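Engineer: Structure in structure tokens, see below.
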Protein chains: 4
Amino acid sequence: MKAIVKKIGQKGVFVKDTDFIENLGVTIRTLYTGVCGTDREIANDALPFIRAENGNELIIGHEAIGIVEDPGDSDQFKKGDLVVPMVRRPGKCQLCKIGHQDYCIDGDFVEAGIRGKNGFMREKFRDDEKFLLKVKDKEIQEIGVLTEPTKNVMKIMETFKFLSSRVPWYCGDSTFSCKNLYIYGTGSEALLISFVFSTLGFNIFLVNRHPVSDKIQSIINGIGASFLDSSSEDYENKLSRNRPDVIIDAVGSSEILRKSVEKINNNGIIILFGTSGQLMEKNEDITGYIVDKNISIAGSVDGSKENYREAIEFISSNKNRFPFKDLITGIGSPENIDKIAKKDKDEIKYIIKW
Amino acid sequence: MKAIVKKIGQKGVFVKDTDFIENLGVTIRTLYTGVCGTDREIANDALPFIRAENGNELIIGHEAIGIVEDPGDSDQFKKGDLVVPMVRRPGKCQLCKIGHQDYCIDGDFVEAGIRGKNGFMREKFRDDEKFLLKVKDKEIQEIGVLTEPTKNVMKIMETFKFLSSRVPWYCGDSTFSCKNLYIYGTGSEALLISFVFSTLGFNIFLVNRHPVSDKIQSIINGIGASFLDSSSEDYENKLSRNRPDVIIDAVGSSEILRKSVEKINNNGIIILFGTSGQLMEKNEDITGYIVDKNISIAGSVDGSKENYREAIEFISSNKNRFPFKDLITGIGSPENIDKIAKKDKDEIKYIIKW
Amino acid sequence: MKAIVKKIGQKGVFVKDTDFIENLGVTIRTLYTGVCGTDREIANDALPFIRAENGNELIIGHEAIGIVEDPGDSDQFKKGDLVVPMVRRPGKCQLCKIGHQDYCIDGDFVEAGIRGKNGFMREKFRDDEKFLLKVKDKEIQEIGVLTEPTKNVMKIMETFKFLSSRVPWYCGDSTFSCKNLYIYGTGSEALLISFVFSTLGFNIFLVNRHPVSDKIQSIINGIGASFLDSSSEDYENKLSRNRPDVIIDAVGSSEILRKSVEKINNNGIIILFGTSGQLMEKNEDITGYIVDKNISIAGSVDGSKENYREAIEFISSNKNRFPFKDLITGIGSPENIDKIAKKDKDEIKYIIKW
Amino acid sequence: MKAIVKKIGQKGVFVKDTDFIENLGVTIRTLYTGVCGTDREIANDALPFIRAENGNELIIGHEAIGIVEDPGDSDQFKKGDLVVPMVRRPGKCQLCKIGHQDYCIDGDFVEAGIRGKNGFMREKFRDDEKFLLKVKDKEIQEIGVLTEPTKNVMKIMETFKFLSSRVPWYCGDSTFSCKNLYIYGTGSEALLISFVFSTLGFNIFLVNRHPVSDKIQSIINGIGASFLDSSSEDYENKLSRNRPDVIIDAVGSSEILRKSVEKINNNGIIILFGTSGQLMEKNEDITGYIVDKNISIAGSVDGSKENYREAIEFISSNKNRFPFKDLITGIGSPENIDKIAKKDKDEIKYIIKW
């Protein structure tokens, strides 16, 4: 059985013939696996916390959709069911016990394809039914591979709803129609954020430090949002005319955080999701802004099973409304191993068909 | 009528004989006014947003307690009532309209003694009854001058309660007895924070970059908290043994924020109140920590009338339990104008007796 | 211009030729108006709080969708836009001022077609742009008439989300898959509730005191919910095997409330929306259950502009997923005045085409 | 060792010489135990859910304060510490696991002195340190026996704070000074509620169906609240002039609930704590009011360890402010067994000194 494997401490990833190590659970035939920044970091030996399940090899891959081949003892699943597996598996802390390993207190969890558990980039995998979600809508067999990145957006939404309840912060007519949402980034995660948040009625701006491809520009236009190139001359003007009320960062940069707290309106909300680790370009105090404007900031990582369920709901309900298919700019075979390490020009999301 | 006045754009502050400019409202004879960092900045020409009410002179002072001399048309107040006046006065935004000028959206407010409104460092002042709070407990005539800084703590508490409801974050027995609270700073505001938060059952640590006076050490010991000198050799060890779950910063430093996100436990809560503007010592990305640990951060400025009311309640109920009196390390006369600009060694809070 | 009119204090409703009384605003040509229980009560002289806008005649109708004929001075709307008008218009209280006339404190509001303001059962009406919502999706021109009843469901959802945050009440895997939701009623409002709440992953049961038509049974089956006839012999057994965790009442009966508090699980949530005024059949104390089980109960009336917006979003996103069209069991002309007063057998929703 | 014992199924309670059945834990010498309605019901064979720990005898008593005689293996407690024991002990459900047995999902808990666990009406008892709370303030050795009923008030407060966050419900100046709180009942629990809620700045009214003793009237006056006799002629007038915004019921009556939903203002909050089981006097539909006014109702039973901690904090901080001592109208010896079954005229709280 083919799998894409990382030897810990060794360069690159490779295809290898493997056996199951799991004896029990539901057996799933993998349909598609998505490739994301974390996989790229693994392929490029840049993810410090990678950890094998046993021995020194890890099957990678954490974004997947598959089809039940053998339900084993499961009552919930039957052969032919479309399913999405969860990435993070609970430890023993108080929040893990109530289904919130996404808020794990002590870090004692495993993540499929990343740390301590083999992932889904293999022809088949076995899993405990409690970490599988059924996808009833067979029409989303392909775009359903976007469930995993979309569940992150659902937790971001949950975090936004929480922070927005700090004060009656909405417009005078109870809506968000007078509020500006800035999304930093224009990759697949940022675009999924723009899809989900466009259902809340914000004026949405996606921002990047360079122009975007026509395809991305067209996706952004299609949902009624605007693109802003922060390297362009008129960026500051545009920003001043439409100061952000909410900022969601899908990049991961202290520089973006610095500028965000400076530019955001009073009572502004900033949600951080990206982790690229960019430094500040200018050493400026940011605490004064946070205090004087009553700014609320929250990091959001991973998502709960409920967030996966919401993601499937969202993709299924909106499959004709948002161009999920356009996010998938490439479909390759497992053997095409170079595509994991290196992002194509104008790629949004590359997925592997098994 | 004596007042302490700042001429905008001119060095220092001075005592001047003044008249009322307010014709209506409750007339209050000032008992005490507190001197805080903002007053010091004014005296040292370091507060950029200072603004006169009319002309180019501003009566300073925003921490006060006084006694009603003439209630005017007020039904609520009578001669002899002890009262505390509010600093910030509402503008026309949605949050100002519902009593939350502390969350003012558009910045269109005035602040007594700071921007656009004469303050309380004068023998008498007149005010609208709706910006006055009655102090029923005559025993707190002197320490009641601490109401204004304590109302900030009440908003910090409100902010903490909000952020702590993000996930069931308390200990397994429903209390906070297993959680560590770090307070950065050891001045009057930090000590008031320690008094208020000690009623929640945290393990409390106050931190500064230098040793503290015996008096401050003794106040800290008295409430069962610990002092940590972050310049000492064993600081890192102590920190590692008792990693923070909640951090409240009363200093205002991006460096403290940088270290806080690095050291805080998962799901940690950081509340920023200080605004001294210190820069980062080391340019390090902080967003990764915020994301991976689901950290929540909120700025908190000023406080609502309800926060003033809670502050009076707190001081009155706890006057024998917490050493409020020990926070007042000096009482001077209005003429002692040098004391406004310069903090004494080992001073915690200096107040003026009118 | 034809309108359906109620003469206050006189029997029935009638068609009458009328003129605009509004001089300003957006002019809308009515496409459809829905008929609901309130309209029936008006037609049957059973609504005590009915009030004319001026004189003693009221144009009725509060569920409508129309098309902009003349935008007047509006920047937001242009000729040809599909729009839904709001029913309740704000008074001067604190909550009305922040767009929450649905939580009006002092009752000083008007409601189109019900109290103090002419309604939408007329060929054309004029309205202030701020009380109109744009419907971008032209495919929901007909089912868009369900926006008004669906906005009630959105407020019910908001109320549910609020009450469900009292304790970490979800299942051990963070979802609601182990929780039973009972909806009392099987009319159009109850069915809309079942559509919306089926997106949360509950086990849903709709309950009525009599069997339902095949059509209703088929709608219920279609969303994966179950119907329970509370007059049937095995009802008690079924209830005992699947005790409710959440109850939403679309009927309005103290008897249902009495039984709900008796049967619901600990920490149960009850949301009341119906107002039919049925009495208790058995005088039994209900407070003991509410206390011992920590039950939370909330009434929910009307909805905010945000709830209307969410309703349009929901109908548009789910137009192919939920059988909104099947809820409209009859379309008649304005002249067919008898249909307003009397519900047809097996009718779910009757609408008027203008 | 003397204990007060109930033989299940047999009339009355009696003093009996007993031995420990607990081998481990902290040994506590009982100082005082309070007698409450539940104890009276037990003594009068009127508590259906009473259950022995083993055999068919139960040591009763659940309100206690004692002194550590032998800390056993405990690190937290030492000989001489003043402690209060908790009543309800967790089962295995999700909420019990996170310290919220007060919200137990499945009812699988025990309660000392009530169901499944021997109580504190004995000279000494042994307990697990995790169910004991330290009382640092030695001055509240006697009134500390009120901790258990006060912890119920702390949960009521927690419930109020939760429900009051449904909408920005406070007065236009952010306080509750314009809001009326009605407390039904004038017994010890109602008076403790009035103490705690008087710190929130409400206009408080205590209501009973008969006049109260001079002592109770004087306690009510002392905290600035008013007493209303609902059997008096001018009650309806007074009620109409000061309609309730918040109602806390310490009685337990469907009749009170019926009248509450009728009289309360829009967005009103009702918290039910009493469980006396009184029926409605008039069969009237109550759901209409709950819906039209957006009323929120919550039952509140028991309290968490955090609520006990808050209760001790409250009693200690306010020992000189509120007349806790006046609530204790009688102190008797264990042998005075008749006093458990029968309430004295004008009794507020009777306690036993061990």
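Engineer: Scan the range D:224-235 and tell me whether some residue there is within 30 Å of C:Asn266 (Cα to Cα), of a type in the set (Ser, Thr, Tyr) and either surrounded by fewer than 24 Cβ atoms within 10 Å (Cβ to Cβ) or in contact (Cβ under 8 Å) with a residue 60 or more places away in the chain (or both).
Structural biologist: no
Engineer: D:Gly201: touching a residue at least 24 places away in the same chain (Cβ under 8 Å), surrounded by fewer than 15 Cβ atoms within 10 Å (Cβ to Cβ) and either under 26 Å from C:Ser296 (Cβ atoms) or touching a Cys at 6+ places or on another chain (Cβ under 9 Å) (or both), yes or no?
Structural biologist: So D:Gly201 does not fit the description; no.
Engineer: Residues to consider are D:Ser333, D:Ser276, D:Ser316; find the one that is among the polar types (S, T, N, Q) and within 14 Å of chain C (Cβ to nearest Cβ).
Structural biologist: Going through D:Ser333, D:Ser276, D:Ser316 in turn, the sole match is D:Ser276.
Engineer: From the list A:Leu206, A:Leu163, exactly one residue is farther than 27 Å from A:Lys319 by Cβ, in contact with a strand residue (DSSP E or B) (Cβ under 9 Å, 6 or more places away or on another chain) and more than 12 Å from chain C (Cβ to nearest Cβ). Which is it?
Structural biologist: A:Leu163 is the lone residue from the list that is farther than 27 Å from A:Lys319 by Cβ, in contact with a strand residue (DSSP E or B) (Cβ under 9 Å, 6 or more places away or on another chain) and more than 12 Å from chain C (Cβ to nearest Cβ).
Engineer: A further question follows. Please indicate, with yes or no, whether at least one residue in the range A:295-304 is within 14 Å of the chain's Cα centre (by Cα) and more than 30 Å from B:Lys282 (Cβ to Cβ).
Structural biologist: yes
Engineer: Determine if the range C:43-59 includes at least one residue that is assigned to a helix (DSSP H, G or I), closer than 30 Å to D:Asp292 by Cβ and within 25 Å of the chain's Cα centre (by Cα).
Structural biologist: yes
Engineer: Could you pull out the residue among D:Lys179, D:Lys151 that is touching a residue at least 40 places away in the same chain (Cβ under 8 Å) and under 18 Å from B:Thr199 (Cα atoms)?
Structural biologist: Step by step, each of D:Lys179, D:Lys151 is checked, and only D:Lys151 is touching a residue at least 40 places away in the same chain (Cβ under 8 Å) and under 18 Å from B:Thr199 (Cα atoms).
Engineer: Next up: Is there any pair linking a residue in the range C:97-108 that is crowded, with 16+ Cβ neighbours inside 10 Å to one that is charged (D, E, K, R), with Cβ under 7 Å and at least six apart or on different chains, and which?
Structural biologist: Short answer, once both residue conditions are applied: C:Lys97/B:Lys97; C:Gly99/A:Asp173; C:Gly99/C:Lys305; C:Gln101/C:Arg88; C:Gln101/C:Arg89; C:Asp102/C:Arg88; C:Asp102/C:Lys155; C:Asp102/C:Asp302.
This table checks each residue for (1) hydrophobic (A, V, I, L, M, F, W, C); (2) closer than 17 Å to C:Thr30 by Cα.
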position: C:Gly107; (1), (2): no, no
position: C:Glu111; (1), (2): no, no
position: C:Gly116; (1), (2): no, no
position: C:Lys134; (1), (2): no, yes
position: C:Ile140; (1), (2): yes, yes
position: C:Lys151; (1), (2): no, no
position: C:Thr159; (1), (2): no, no
position: C:Ser174; (1), (2): no, no
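Engineer: Then there is this: If you check D:Ser177 against the conditions, is it hydroxyl-bearing (Ser, Thr, Tyr), under 27 Å from B:Gln94 (Cα atoms) and in contact with a strand residue (DSSP E or B) (Cβ under 9 Å, 6 or more places away or on another chain)?
Structural biologist: yes
Engineer: Shifting gears a bit: Against the conditions (1) under 22 Å from D:Ile140 (Cβ atoms); (2) buried (at least 20 other Cβ atoms within 10 Å of the Cβ), where does D:Glu69 fall short? Just the number, please.
Structural biologist: (2)
Engineer: Within the bounds of the range A:287-295, is there any residue that is out of contact with any Asp or Glu (no Cβ under 8 Å at 6 or more places or on another chain) and aromatic (Phe, Trp, Tyr)?
Structural biologist: No, because not a single residue in the range A:287-295 is out of contact with any Asp or Glu (no Cβ under 8 Å at 6 or more places or on another chain) and aromatic (Phe, Trp, Tyr).
Engineer: Here's a follow-up. Could you tell me which numbered condition D:Glu284 fails, if it satisfies all but one of (1) surrounded by fewer than 24 Cβ atoms within 10 Å (Cβ to Cβ); (2) out of contact with any Leu (no Cβ under 8 Å at 6 or more places or on another chain)?
Structural biologist: (2)
Engineer: Moving to a separate point now. Mind checking which residues of the range A:73-118 are within 14 Å of chain C (Cβ to nearest Cβ), outside any helix (DSSP H, G or I) and among the basic types (Lys, Arg)?
Structural biologist: Once the filter is applied, which keeps residues that are within 14 Å of chain C (Cβ to nearest Cβ), outside any helix (DSSP H, G or I) and among the basic types (Lys, Arg), the range A:73-118 yields A:Arg88, A:Arg89, A:Lys92.
Engineer: Out of the residues in the range B:268-279 that are surrounded by 22 or more Cβ atoms within 10 Å (Cβ to Cβ), under 24 Å from A:Gly274 (Cβ atoms) and not β-branched (Val, Ile, Thr), which is farthest from the chain's Cα centre (by Cα)?
Structural biologist: B:Gly268
Engineer: When you look at B:Phe14, is it more than 25 Å from B:Glu142 (Cβ to Cβ), at pLDDT 95 or above and either surrounded by fewer than 17 Cβ atoms within 10 Å (Cβ to Cβ) or touching a Ser or Thr at 6+ places or on another chain (Cβ under 7 Å) (or both), yes or no?
Structural biologist: Judged against the criteria, B:Phe14 is a match.
Engineer: Which of the residues that make up the range C:261-318 are assigned to a helix (DSSP H, G or I), in contact with a strand residue (DSSP E or B) (Cβ under 8 Å, 6 or more places away or on another chain) and acidic (Asp, Glu)?
Structural biologist: Scanning the range C:261-318 gives a single hit, C:Asp292.
Engineer: Another question, then. Quick one: how many residues across the range B:123-133 are out of contact with any strand residue (DSSP E or B) (no Cβ under 6 Å at 6 or more places or on another chain) and either more than 10 Å from chain D (Cβ to nearest Cβ) or not in a helix (DSSP H, G or I) (or both)?
Structural biologist: Total satisfying the criteria: 1.
Engineer: Can you find, within the range D:295-354, the residue that is surrounded by the most Cβ atoms within 10 Å (Cβ to Cβ) among those that are free of Cβ contacts under 8 Å to residues at least 40 places away in the same chain and small (Gly, Ala, Ser)?
Structural biologist: Among those residues, the one meeting the criterion is D:Gly299.
Engineer: Another question about this same structure. Can you tell me how many residues within the range A:314-337 are more than 19 Å from the chain's Cα centre (by Cα), β-branched (Val, Ile, Thr) and under 15 Å from A:Lys138 (Cα atoms)?
Structural biologist: 0
Engineer: A follow-up question, please. Every residue in the range C:23-39 that is within 20 Å of the chain's Cα centre (by Cα) and assigned to a strand (DSSP E or B), please.
Structural biologist: Within the range C:23-39, C:Thr30, C:Leu31, C:Tyr32, C:Thr33, C:Gly34, C:Val35 meet the criteria.
Engineer: Among the numbered criteria (1) in contact with a Phe, Trp or Tyr (Cβ under 8 Å, 6 or more places away or on another chain); (2) surrounded by fewer than 22 Cβ atoms within 10 Å (Cβ to Cβ), which single criterion is violated by B:Ser218?
Structural biologist: Among (1) in contact with a Phe, Trp or Tyr (Cβ under 8 Å, 6 or more places away or on another chain); (2) surrounded by fewer than 22 Cβ atoms within 10 Å (Cβ to Cβ), B:Ser218 violates only (1).
Engineer: If you go through the range A:237-282, how many residues are at pLDDT below 95, small (Gly, Ala, Ser) and touching a Lys or Arg at 6+ places or on another chain (Cβ under 8 Å)?
Structural biologist: Residues that pass the stated criteria total 0.
The values are calculated or read from the model by the stated rules, or taken from the named source; none is laboratory data. What you see is a predicted model; the values in this text were computed from it and never measured. For neighbour counting, all protein chains shown are included, and Cβ atoms are generated from backbone atoms with ideal geometry for every residue, glycine included.
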